[in-house]
1. Mind checking which residues of the stretch 11-22 are more than 17 Å from VAL63 (Cβ to Cβ), touching a residue at least 24 places away in the same chain (Cβ under 8 Å), hydrophobic (A, V, I, L, M, F, W, C) and open to solvent by 30 Å² or more (accessible area, probe 1.4 Å)?
2. Only one of LEU143, LEU148, LEU101 is open to solvent by 20 Å² or more (accessible area, probe 1.4 Å) and free of Cβ contacts under 8 Å to residues at least 24 places away in the same chain. Can you tell me which?
3. Kindly check whether there is at least one residue in the stretch 62-75 that is among the aliphatic types (A, V, I, L, M), at pLDDT below 95, under 16 Å from the mean Cα position of the chain (by Cα) and open to solvent by 20 Å² or more (accessible area, probe 1.4 Å).
4. Would you be able to tell me the number of residues in the stretch 46-61 that are open to solvent by less than 10 Å² (accessible area, probe 1.4 Å) and under 26 Å from LEU26 (Cα atoms)?
5. What about ALA92, is it open to solvent by less than 60 Å² (accessible area, probe 1.4 Å), of a type outside the set (Val, Ile, Thr), in a helix (DSSP H, G or I) and in contact with a Pro (Cβ under 9 Å, 6 or more places away or on another chain)?
6. Look through ALA153, ALA43 and report the one residue that is open to solvent by less than 50 Å² (accessible area, probe 1.4 Å) and hydrophobic (A, V, I, L, M, F, W, C).
7. Would you mind telling me which numbered condition in (1) in a helix (DSSP H, G or I); (2) under 20 Å from SER95 (Cβ atoms); (3) free of Cβ contacts under 8 Å to residues at least 12 places away in the same chain; (4) not basic (Lys, Arg) GLY25 fails?
8. Return a yes/no flag: does the stretch 118-130 have any residue that is closer than 23 Å to VAL17 by Cα and of a type in the set (Gly, Ala, Ser).
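The values are calculated or read from the model by the stated rules, or taken from the named source; none is laboratory data. Since the structure is predicted, the reported quantities are computational estimates derived from the model, not experimental observations. Note that each Cβ is placed from the backbone with ideal geometry, even for glycine, and that neighbours are counted across all protein chains shown. Accessible surface is based on the protein model in full, side chains and every heavy atom, while ligands, DNA and RNA are left aside. Shrake-Rupley method; radii C 1.70, N 1.55, O 1.52, S 1.80 Å.
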Amino acid sequence: VDVFDEPFLAFAIAYLVATRGQPAGLAALTAGMGLAGGVAAAAWASRVERPEITVRAPAALLVGGVGAIVLAAHPLVAALGAAGVGAAVSLAWISLEARVLTLRPGQAGTTAAVVSAVAQVAVLVPLVAGVVADRAGITTVLLIYLALAVAFAVVNWRDRVPSAGHDAEEARITARE
């Protein structure tokens, strides 16, 4: 999900200015809406009484948000899309982090370290996107980001529930502590 952080917003600003004719200040405000969406989602998620956060809803919100930015004929649509992307990244991170920390009972630190190491590949996305933008244009980059959002949604659409063996192992470790 880190792929849709600040570098994505920078490419979105460039896209809105270059292809939609938005003034740079207005496009930057759109990016600000992305950050505000993330903060609002984190505030909502911090409530004690809320539904469980699964990755399905944030995945759909991510696709819708990136799609709204790409298709935005009006700055308000792009701003709402950016807010959706920010909220989706925040909520997806919460859901995925919870999943990672409970994936291997008793080995949360090791599991988190391995997942973080593998996720470092994502730092290459903005670099590749920049090269693509220079060669094929900013529209192509936003379409790639849209494809990445769709891929994220497809991969995470099936709600994975830990097996009964996983729950038994977690109970055994908890009882030991």
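1. ALA14, ALA18
2. Residue meeting the stated conditions: LEU101.
3. no
4. Total satisfying the criteria: 1.
5. Working: open to solvent by less than 60 Å² (accessible area, probe 1.4 Å): yes; of a type outside the set (Val, Ile, Thr): yes; in a helix (DSSP H, G or I): yes; in contact with a Pro (Cβ under 9 Å, 6 or more places away or on another chain): yes.
Spelling it out, ALA92 is indeed open to solvent by less than 60 Å² (accessible area, probe 1.4 Å), of a type outside the set (Val, Ile, Thr), in a helix (DSSP H, G or I) and in contact with a Pro (Cβ under 9 Å, 6 or more places away or on another chain).
6. Step by step, each of ALA153, ALA43 is checked, and only ALA153 is open to solvent by less than 50 Å² (accessible area, probe 1.4 Å) and hydrophobic (A, V, I, L, M, F, W, C).
7. GLY25 satisfies every listed condition except (2).
8. Quick first cut of the stretch 118-130, residues closer than 23 Å to VAL17 by Cα only: 125-130.
This time we only want the ones that are of a type in the set (Gly, Ala, Ser), so: 129-130.
Looking for residues that are closer than 23 Å to VAL17 by Cα and of a type in the set (Gly, Ala, Ser), one finds at least one in the stretch 118-130, hence yes.
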